[in-house]
Amino acid sequence: MDGQQRIAKLLARAGVASRREIERMIAEGRIALDGEKLTTPATLLSDLSGVTVDGKPVRPAASTRLFRFYKPLGTITAERDPKGRATIYDRLPAGLPRLMPVGRLDFMTEGLLLLTNDGELKRQLELPRTGVERTYRARAYGRVSQAQLEALAEGITIDGIHYGSINANLERRTGTNCWIEMSLTEGKNREVRRVLAHLGLQVSRLIRTAYGPFTIEGLEPGEIDEVAEGRLDAFRKSLR
């Protein structure tokens, strides 16, 4: 029927969670329509009237917002950590809308983390096929040549996992330490660290400096600002 969409997409757009998380919530019986628990994320609806999550009505989707956050070292990209470690939400100021991270940065990686209230935008930015480039700067111990780094443009397979094309450049070297800039579009788990380790390098600092056209410029660790609506709209149009 015209105007109808899958409930998973509608809930993601409303900022409840990502589509994958919503599918899990439905399997757990946490989402209902007019009091009846849903069994499939493919349920078609024209709006979220009568939909509840954990017994609470879902608010209509707010305007899409995107924030730049400088994730500090020693924080988890999650709402809570079983080990009791600090999360990004412990570092965010009060008064923000419910925000979801676009991708993840591991505990000892710092730098740009995009946050949004729109689960559909989150998904679009994370999908490898969208081709949004992520840029990192790594300080590493060991020796590597520019030729070795340039070979990464052809992709590399490590322990059965294939990593796609990486644009890598040796910025500078001081003794046995060097700074390397790397740009990639896949963003597999711990990709930069694993690739550099494969080249015999030990990463001592890793900073994500950019995600698409958005950079860390002007932010200090723990700081956050909002992407202007016009800039966000222009970026979303470029993804289509």
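The values are calculated or read from the model by the stated rules, or taken from the named source; none is laboratory data. In this text, all values refer to a predicted model and were calculated from it rather than measured experimentally. So basically every Cβ, Gly included, is an ideal-geometry build from the backbone, and we count neighbours across all protein chains shown. Surface areas here come from the heavy atoms of the whole protein model, side chains and all, with no ligands, DNA or RNA. Shrake-Rupley method; radii C 1.70, N 1.55, O 1.52, S 1.80 Å.
Just a few scattered comments:
- For GLU133, the residues whose amide H sits under 5 Å from its own are GLY212, ignoring neighbours fewer than 5 places away on the same chain, with H placed 1.01 Å from N.
- Exposure check, 1.4 Å probe, all protein chains in place: SER165 carries approximately 70 Å² of accessible surface.
- Cα convex hull volume per residue for the chain (Å³): 160 Å³
- As a calculated quantity, the FRET efficiency between ASP233 and ARG143 at R0 = 45 Å, using C-beta atoms, amounts to about 0.45.
- Relative contact order [Cα under 8 Å, 6+ residues apart], the stretch 1-80, whole percent: 29 percent
- Between GLU220 and THR40, full extension at 0.36 nm per residue minus the direct alpha carbon distance yields a gain of 60.5 nm.
- Separation of alpha-carbon centers, the stretch 170-240 and the stretch 88-116, rounded to whole Å: 15 Å
- Spacing of the modelled spin labels on ALA151 and ALA62, each 7 Å from Cα toward Cβ, amounts to 5.0 nm.
- Using θ = phi - 60° in the Karplus curve 6.51 cos²θ - 1.76 cosθ + 1.60, the 3J(HN,Hα) couplings for the stretch 93-106 round to x, 6, x, 7, x, 5, 10, 10, x, 8, x, 9, 10, 6 Hz; x is entered for Gly and Pro.
- Rounded to the nearest 10 Å², the accessible area of LYS37 at probe 1.4 Å: 140 Å²
- At an R0 of 35 angstrom, the distance between the Cβ atoms of ARG173 and ALA78 translates into a FRET efficiency of 0.50.
- Apportionment of accessible area to carbon and sulfur, the chain, percent (1.4 Å): 47 percent
- Accessible surface, per residue, of the stretch 29-147 when the full set of protein chains is kept, probe 1.4 Å, Å²: 51 Å²
- Cross-link pairs beyond the 22 Å C-alpha cut-off, checked among LYS71/LYS188; LYS37/LYS83; LYS9/LYS37; LYS9/LYS122: LYS37/LYS83
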